[in-house]
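Just so it is clear, none of the values below were taken in a lab; they were calculated from the coordinates. Quick caveat, the model's predicted, so the values are computed rather than measured. No Cβ is skipped: glycine too gets one built from the backbone with ideal geometry, and neighbour counts run over all protein chains shown.
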Amino acid sequence: MTEPISRPPKKDPQKVTRPPELPPLERSRASLKLSASAARGVFALQVCEACGTIAYPPRDACPGCLSTGLEFRPADDGGEVIAETVVRTSTDLYFRQRTPWRVGTVRLDCGPSIVAHLHGDVVVPGRVRMVSKLDKSGNAVLMALPTGETENMADDLEFRELTADPKFRRVLVTDGRGVIGQAVASALSKAGASIVFVGIAEPWKPFPGQERLAAIPNVQVMELDLTDTISVNELAGEIGGKTDILVNTADHVRPGGLLASRSLVTARDSFDVNVFGLQRLAQAFGPGMRARGADGTNSAAAFVDVLPVYALANTPDFGFYSASAAARHSLLQCLRAELRPGGVRVMSVFTGPVEDDWRQHVPPPKVLPGKIAEAVVAALRGGIEESFVGDVARDIATRFLDNPKVLERELGL
Amino acid sequence: MRYSIEAAHWWIARALKELTDRAGIRPADIDGLSVSSFTLAPDTAVGLTQHLGLTPRWLDNIPMGGASAVVALRRAARAVEAGDATIVACVGGDANHVDSFRKLLSSFSRFAQDASYPYGYGGPNGSFALLTDHYMRTYGAKREDFGKICVAQRDNALTYPHAIMKKKLTIDDYMTARPIADPIHLFDCVMPCAGAEAFLVTSADVAKDLGLPYATLLSAIERHNAFPDDPIQMRGGWAMDVDELYAMAGSKPSDIDVLETYDDYPVIVMMQFEDLGFCEKGEGPDFVRSHDLTNGGDFPQNTSGGQLSAGQAGAGGGYLGMVEALRQITGQPLSEKVKGAKTALVSGFGMINYDRGLCSGAAILRGGGA
């Protein structure tokens, strides 16, 4: 049974913050495809299209038939751990700070043997199930977990390195006026966050759900206007040093395409919230988070953005809104690279349309705010870099992966 | 030497200088060269020819770590037999700077980079810890059994002036040493160091003309990526080719007077006892318990202390056993002489590319007068 982690003590300002070292960064291109699967929480291995051999480590040619037709496909995650070690000394600075570190050899039911991180509750020899996760360097690593759930399983220190679990972490949710922000705040409080800061613009103006929000345990309402650089900077000055997870739920939605009248004003407003709001948050909170990526139990862990799936392809009935989402997606890619040296993850939670005043004419299915909140918590607990909430978002993602040009045409009908 | 500021080129040059001086030949007489080194970069054997002023007509670069010496000998012998070269100098050597081991690890192989270093970065310690753990579970080996190998080799090393470890090791020291990667403890691990080892390969006629003591190569095998379907390494490539090794030499395990195994960790020594036919698979622990592995014992093994006690000079570590065997069977040992040593088996093993060692080789040699 995993020893549960305990609530971290108040930070001693005289102690040096542990610098965020990363595990080894270099990977072959074939191996980066493993990371691409892990980013979406999928355990996938290379399968030979010619002879069906399953290969690991990632490579360029099949060891069964020399074919170069290897494709990553979701694989059977069952296996048996046949050997283990506990590394107690390492020349690598990241592991040196984190030893003892448990590692094992797993013989997968589908063929290959894998050297993997070993969860503390795994019994050797014995059955395991494999997961593929991104480590702090943003690369895929494989970990062997017990076949079933065990007590305090998520508290295993090796596993927690691969996730951004909200337990005992301090969270900022940027927009408490919206139903999504309120649902996310509630879900994170339930998930064990020690504080949930919730940003509210113009707090003197009442809003629906206000009392319910204030009643959520551990919630602290803070003044925050994403369109005002001073407001964002002031909040960062106050809580930036203890923001471990930031969840941006702000979203400015207006229908209309490029040719609609007044589109310039709408565009400016959309970009001010959706793009420049993200920019202000990243610039105010990013550097501090990046410096605290290895700061113990409540280290900075993740910057999460909830954004429309139309970031991937434009839906012309919301033309400018889609464009702002695309800009947002592009900047998240940039931020992902910029926060990586701190071991802080950037997570994109793509959603389909929600039920609100601006999308009354959009046909169902629509996404419930509670589902988005669940997805945010699941992404944090699972260390998932890209998740898609709701049928529409998953449909668009599937079509995008299949052929982005076809998707453009489909959305433009 | 544990750490040295000198480069691999320097160590290799020193070994070749000693070799040619002692053999009474000029560097220009070397018309074949075989080089093994991890730390020559950006050079290879090619750059070394100009660097050292050699003009060989046969040149080999063997990147096989601990299997280098056996493979170098095997190929050099063929070159001499075919008339492609008359005198081949085989040399293995490496630098060891303060941070060079960490740097070597980080660029060792693509599979290691992708699939073993990101897992605790234990390097070879981590890989051998897994093999050792599995071997212990499967065949009931105890830490004491590995300890007996290490202690015997230390005893042998104490008679060898070039050994890096100069202090007696007791089984108690071994058992109480600090853990490195369970079940591997401190004295299961080789000590990386700087250095070089070298030998000459030529025909018996040339050796006689030069008045040099020599040994005759009776047989040699090599194998790479053997048994890829074994879920974890339980045997090396020797197990595929061992029958040919003895048949070619016209000998059997009981004919071997001196055994030099590759010993970066004791578990692989035990596997070599099995795979080279000294006992059956799984009987390694019993074999160790019932034999005395010192130079004066009934099964002299790693008679200069092996890498565990003499040190691992990179690819030079792969040459240690070969050079020691040649010294023992040509009557010029630096370590305690093994009585009546005529026939030696030298085994090589190298290159943990991902989860197991890929290269293996072995050679049987007989002292010239035999």
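Values for this structure:
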{"read-out": "Contour minus Cα-Cα distance for B:Arg26 and B:Lys339 (0.36 nm per residue)", "value": "109.3 nm"}
{"read-out": "Full-stretch length increase - A:Lys190, A:Trp204 - with 0.36 nm per residue and alpha-carbon distance subtracted", "value": "2.3 nm"}
{"read-out": "Using a Förster distance of 56 Å, the FRET efficiency for A:Arg268-A:Leu32 (Cβ separation, nearest 0.05)", "value": "0.90"}
{"read-out": "P(r) histogram, all alpha-carbon pairs of chain B included - 10 Å bins from 0, percent", "value": "5, 26, 37, 24, 7, 0"}
{"read-out": "Segment A:170-411: Cα Rg divided by the 2.2 N^0.38 Å rule of thumb", "value": "0.96"}
{"read-out": "Gaussian network model of chain A, springs between alpha carbon atoms under 10 Å - residue of A:Thr351, A:Thr147, A:Thr68 with greatest fluctuation", "value": "A:Thr68"}
{"read-out": "Neighbouring partner chain Cβ atoms per residue of B:128-136, average, 10 Å criterion", "value": "4"}
{"read-out": "Total charge dipole magnitude, segment A:170-411, about the Cα centre, Cβ charges on Lys, Arg, Asp, Glu only, Debye to nearest 20", "value": "380"}
{"read-out": "MRE, 222 nm, helices only [DSSP H, n ≥ 4, -39500 (n - 2.57), over the protein assembly as shown, to nearest 500]", "value": "-10500 deg cm²/dmol"}
{"read-out": "Cβ-derived FRET efficiency at R0 45 Å, B:Val98 paired with B:Glu244, nearest 0.05", "value": "0.55"}
{"read-out": "29 Å Cα-Cα threshold exceeded, pairs from B:Lys166/B:Lys339; B:Lys166/B:Lys281; A:Lys10/A:Lys205", "value": "B:Lys166/B:Lys281; A:Lys10/A:Lys205"}
{"read-out": "Partner chain coverage, peptide B:173-182 - average Cβ within 10 angstrom", "value": "3"}
{"read-out": "Debye-sum result for the protein assembly as shown in log10 I(q)/I(0), which assumes one identical scatterer on each alpha carbon, at q = 0.05, 0.06, 0.09 Å⁻¹", "value": "-0.35, -0.48, -0.87"}
{"read-out": "Only Lys, Arg (+1) and Asp, Glu (-1) charged, at Cβ; segment B:82-160 dipole about Cα centre in debye", "value": "260"}
{"read-out": "Antiparallel bridge percentage (DSSP; both residues within chain B; nearest 5)", "value": "65"}
{"read-out": "Area projected by the alpha carbon convex hull of segment A:252-358, averaged over all directions, nm²", "value": "7.2"}
{"read-out": "Nearest-0.05 FRET efficiency for A:Arg18 and B:Glu81, computed from C-beta distance (R0 56 Å)", "value": "0.35"}
{"read-out": "Partnerless cysteines, meaning none of the other Cys C-beta atoms lie under 4.7 Å away, in chain A", "value": "A:Cys110, A:Cys334"}
{"read-out": "Which of B:Met351, B:Met271 has the fewest Cβ neighbours within 10 Å, and the rest in rising order", "value": "B:Met351, B:Met271"}
{"read-out": "Sorted by Cβ density within 10 Å, fewest first, the residues A:Ser6, A:Ser270, B:Ser36, B:Ser251", "value": "A:Ser6, B:Ser251, A:Ser270, B:Ser36"}
{"read-out": "Separation of the B:Thr216 and B:His51 label points, Cα + 7 Å toward Cβ, nm", "value": "3.7"}
